[in-house]
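Visitor: My structure is below; once you've seen it, I'll send some questions.
No lab work stands behind these numbers, since they all come straight from the coordinates. Note that the structure is predicted; figures quoted are calculated from it, not measured. Cβ placement follows ideal geometry from the backbone for every residue including glycine, while neighbour counts extend to all protein chains displayed.
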Amino acid sequence: MANNQKLKVLVIDDSQVILHALTNFFETLRFEVKTCQDGLDGISTCMEFLPDMIFLDLMMPQFDGIKFLQVKNVVKEIKDIPVIVISANTNKKNVITAIELGANKVISKPLQKEILMSTLKELLGDKAVSGAISSETIPDDTELKNAIRDSFENDMKEHLKNVFLNSFKTQKDIANKAMEKRNKKELDVVVHQLISAGGTVGYPEISTLSKEIENKEVRSDLDWLYVQVRWEKILKSVKELELSLVKK
């Protein structure tokens, strides 16, 4: 690889918050980034883009991560590209299936910067993660560098919260209609995205409540009451998030 050639990463996830977070993370490291929200689109983008690494969500509503891996394995041009699975549901079955299908590593959501960095170093080497804030652009002062990084990360967190709130408007409508129709499948599409996004924007209770809804089997009125109570708690948490941004 030429020294002036950027490393390339493809991120495939159905959550806008995760896509924004990872795009910012990799662009800060001077990667070239492309994103997709569906595994089928991911296959075509992968063949055209030929990334150095793929970050893949397993649970997507249509063409999911498992199907993506199955197709990738038989396409000569992309079969050897390293894949990091990112999933809010890293149970033993999911991990085994992903590894059997060729995933190099499985990491859980919400994503942590330290784990992402160590994963990149493990698969691409130290040279791949030389940060954008370098000695060439910032004085050699550790305290100043840390302050700049903290300021940047805080600004990014605020941005992600706004991305989350904007996408939640549509998700809320879909979920409310699913609740009215008692359609658990449609509801699960929404709460699965919230599992990923809640922790990323600093509201882990949204992730916890969403996971409880996703894992709940609904067979009776009492089961739906269980789901309703947790959905209302999610709405309350989102309202608190909205108010916290208004106050700033």
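Visitor: Which order, highest average first, do 111-123, 9-21, 65-77 follow once you tally other Cβ atoms within 10 Å for each residue and take the mean per peptide?
Guide: 9-21, 65-77, 111-123
Visitor: Beyond 21 Å between alpha-carbons counts as too far, so tell me which of Lys184/Lys211; Lys177/Lys236; Lys184/Lys216; Lys6/Lys67; Lys72/Lys184 fall in that bin.
Guide: Lys6/Lys67; Lys72/Lys184
Visitor: Would you mind getting the Kirkwood hydrodynamic radius of the stretch 154-247 from its Cα pairs, rounded to one decimal in Å?
Guide: 13.4 Å
Visitor: Within 10 Å, count the other beta carbons around each residue, average over each peptide in 167-177, 197-207, 44-54, and list them highest first.
Guide: Top to bottom by mean Cβ count within 10 Å: 197-207, 44-54, 167-177.
Visitor: Let me ask something else about it. By its C-alpha gyration tensor, with a ≥ b ≥ c as the square roots of the eigenvalues, how is the stretch 1-42 shaped: rounded for a/c under 1.5, else prolate for a/b larger than b/c, else oblate?
Guide: In terms of gyration-tensor shape, oblate.
Visitor: Kindly identify the stretch 8-131 as rounded, prolate or oblate by the Cα gyration tensor criterion: order the square roots of the eigenvalues as a ≥ b ≥ c, call it rounded if a/c is under 1.5, otherwise compare a/b with b/c, prolate if a/b is larger, else oblate.
Guide: rounded
Visitor: Still on this structure: Would you mind calculating the relative contact order of the stretch 8-131 from Cα pairs under 8 angstrom and at least 6 residues apart, reporting the percent as a whole number?
Guide: Normalised by residue count, the contact order of the stretch 8-131 is 22 percent.
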